[in-house]
1. What percent does the relative contact order of the range 98-164 come to when contacts are Cα pairs within less than 8 Å and at least six residues apart?
2. Once the Cβ-Cβ distance between residue 23 and residue 222 is put in as r, and R0 is 35 Å, what FRET efficiency do you end up with, to the nearest 0.05?
3. Evaluate E = 1/(1 + (r/R0)^6) for residue 146 and residue 273, where r is the Cβ-Cβ distance and R0 equals 51 Å; express this FRET efficiency to the nearest 0.05.
4. Which of 216, 100 has the fewest other C-beta atoms within 10 Å, and how do the rest follow up to the most?
5. Using label points projected 7 Å from each Cα along Cα→Cβ, tell me how many nm separate residue 187 and residue 158, to one decimal.
6. Extension gain residue 208-residue 75, at 0.36 nm per residue separation less the Cα-Cα distance, in nm?
7. Ranked highest first by average number of other Cβ atoms within 10 Å, how do 242-250, 194-202 line up?
8. For residue 43 paired with residue 255, estimate the spin-label separation in nm (one decimal), with each label point 7 Å from Cα along the Cα-to-Cβ line.
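Bear in mind these aren't lab numbers, they're just calculated from the coordinates by the rules spelled out. The structure presented is a predicted model; accordingly, all values stated were derived computationally and were not measured. Ideal geometry is used to build each Cβ from the backbone, glycine not excepted, and the neighbour counts take in all protein chains shown.
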């Protein structure tokens, strides 16, 4: 007969940092599933039979981007906490750098996709000869505003917009139409996406430089302090982006921003522990 232990776990023996990291990583994985679903849902409105490979990869830029970030997060976790220095043989280092290079290529693709979207939206002009959305109801189009997509038909066209200027977006097929207000929001959203991608890349490069410095036993000094303050500024910009998502009603995007910041904060905690091992006199990883 199985006997259940009535011993209460000693909370002092629980590694809270690692427990928090585990929770954060699980939340990131769940969010990843939501983003795949959202990308697929939007692609049903923006892609057609004639869409090129680049159009498909652009439509799933978020999925590709998050996949690359997951792998990079795992590599940082291995390098800053899981593996010891002796584990990094030449072969493993080459493999890790090779995987990193592929991930960076994906991130650059995502950045390119956002740049392309920003440029495309800056070039759109009003549809000539159309002053009522219902005039477009029989053209197999979807109407969008603030990332909400609705198949346009004669029944809902009069409820979706009361403006007189309309714009075809989402090239090359231009299967999506929006009005003036929707276009302004679309431009804002794509600019926030672009700036987020740039900020995250700077954070990535800052952590990479930090790791390389600590690999050489450098845990304090002007460069380390500068990197710390730079990352504080960069994370502040991400919190501002999260505030914008909340303003637009995209709570999932804001939540996703939060858990990714938490994910990389976990890596920063690893760095603090590592820094304390390099310089035990550096109390709680403080900056000297």
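1. The value is 27 percent.
2. The formula returns an efficiency of 0.50 here.
3. After rounding, the FRET efficiency stands at 0.75.
4. Details: 216 8, 100 17.
Ranking 216, 100 by Cβ neighbours within 10 Å, fewest first, gives 216, 100.
5. A separation of 3.1 nm, rounded to one decimal place.
6. 46.8 nm
7. By packing density, highest mean first, the sequence is 194-202, 242-250.
8. 2.3
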